[in-house]
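Shown next, in structure tokens, is the structure this report addresses.
The values are calculated or read from the model by the stated rules, or taken from the named source; none is laboratory data. As the structure is a computational prediction, the values presented were derived from the model and not from experiment. For neighbour counting, all protein chains shown are included, and Cβ atoms are generated from backbone atoms with ideal geometry for every residue, glycine included. Keep in mind that these areas ignore ligands, DNA and RNA; they rest on the heavy atoms of the full protein, side chains included. Shrake-Rupley method; radii C 1.70, N 1.55, O 1.52, S 1.80 Å.
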Amino acid sequence: MSVKILTDSTADIPADLAQELDITIVPIYILFGIQSYRDGIDIDHDTFYERLLGGEQPTTSQPTPQDFIHAYERIASGADGICSIHISSSLSGTYSSAVQAANTKPWPCPINVIDTRLLSISHGILAIKAARMAKKGKSLEEITHAVESMMKRVHLLVLFDTLKYLERGGRIGKAKSLVGSVLSVKPLLSMRDGEFVPVGQVRNRKKGIDKLVDLVATPEGIEEICILYSTTSDEANALAEQLDPIFPQEKTLVARLGAGLAPHGGPGVLAIVTLIKEEITD
């Protein structure tokens, strides 16, 4: 037996990679009016964005504790433990649902639920790293400790085309100060203490992409790089190619912002996530 890794669909881990690493994904709910869809199961990325760009205004809903109970039941009997890794509790009630489920009854194995204080592929990369550790036979305690350590070493920078989706969804946090900026200005946000914080704004998209590149200024200290996009795959791939001399393109994960978070990000989102290497001290 081994440790099983579970996360929610806002982690935006590509489906083929999640399958390869045996990561269990609990879907967020997407609502278009009275129609409810499970992210990545009942609705795919292309269909979602087609409807979003067509003018429909979706909302999202967290998985229920029962959703997590069902997921835990599927994997607990064949596991030494479960590491359940989730989006910031400041942005979603998903972590709370997972905790409720873990505390519902005695389980065949221990379940550690982690509030990463991150979102999207920035907490997805933690689940990926955890799954790789699990495949190497690491214990639940070792994996949990490693994830909690890595949380502090993840850096996220997001270039938004507009903040109207983030404001509409109520997830804007301390970046509210940028709302009302002139239309030509592109906002840059990061995360601090589980919430969005403004980093700055640029006059055009090219300058914004230059700022994303600046996040990789010291490549020797970088362990992982992920690039995230919503509707501009060409920009994401070009950014990975631009970073190739700094960080090998074949090691850079390019992921798409899924339906669980896209109602709050909207079209034109482009982000870069770096995991900084742990400092070794004598």
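Answer with yes or no whether residue 8 is surrounded by fewer than 22 Cβ atoms within 10 Å (Cβ to Cβ) and at pLDDT 95 or above. In short, no. In the set (1) surrounded by 18 or more Cβ atoms within 10 Å (Cβ to Cβ); (2) under 30 Å from residue 142 (Cα atoms), the condition left unmet by residue 58 is number (2). For segment 208-224: of the residues being among the β-branched types (Val, Ile, Thr) and surrounded by fewer than 16 Cβ atoms within 10 Å (Cβ to Cβ), which is nearest to residue 162 (Cα to Cα)? Looking at residues that are among the β-branched types (Val, Ile, Thr) and surrounded by fewer than 16 Cβ atoms within 10 Å (Cβ to Cβ), I get 213.
Pick out, from segment 1-42, the strands (runs of 3 or more DSSP E) lying fully within it that include 2 or more residues that are more than 11 Å from residue 60 (Cβ to Cβ) and not basic (Lys, Arg). So that I can check it myself, show each step before the final result.
Details: elements: 2-8, 23-26, 29-32, 35-38.
Answer list for segment 1-42: 2-8, 23-26.
Taking segment 225-282 as the range and being open to solvent by less than 40 Å² (accessible area, probe 1.4 Å), farther than 28 Å from residue 146 by Cα and touching a Gly at 6+ places or on another chain (Cβ under 7 Å) as the test, the residues that pass are 230, 232, 263, 264.
Return a yes/no flag: does segment 99-113 have any residue that is touching a Ser or Thr at 6+ places or on another chain (Cβ under 7 Å), open to solvent by less than 80 Å² (accessible area, probe 1.4 Å), β-branched (Val, Ile, Thr) and at pLDDT 95 or above. Yes - at least one qualifying residue is present in segment 99-113.
Residue pairs whose Cβ atoms lie under 8 Å apart, sitting 6 or more positions apart in sequence or on different chains, and linking a residue in segment 85-103 that is over 21 Å from residue 22 (Cα atoms) to a partner that is in a loop (DSSP other than H, G, I, E, B) and of a type in the set (S, T, N, Q), are 88/116; 92/62; 93/62; 96/62; 96/89; 97/62; 97/64.
Within segment 54-65, the residues that satisfy the criterion of being over 22 Å from the mean Cα position of the chain (by Cα) and of a type outside the set (Asp, Glu) are 54, 55. Of the residues making up segment 28-55, those that are under 24 Å from residue 124 (Cα atoms), open to solvent by 20 Å² or more (accessible area, probe 1.4 Å) and not hydroxyl-bearing (Ser, Thr, Tyr) are 31, 38, 40, 41, 42, 44, 45, 46.
Of the residues making up segment 68-106, those that are assigned to a strand (DSSP E or B) and of a type in the set (Gly, Ala, Ser) are 79, 81, 84. The set of residues in segment 169-178 that are surrounded by 14 or more Cβ atoms within 10 Å (Cβ to Cβ) and either more than 20 Å from the chain's Cα centre (by Cα) or modelled with pLDDT of 85 or more (or both) contains only 178.
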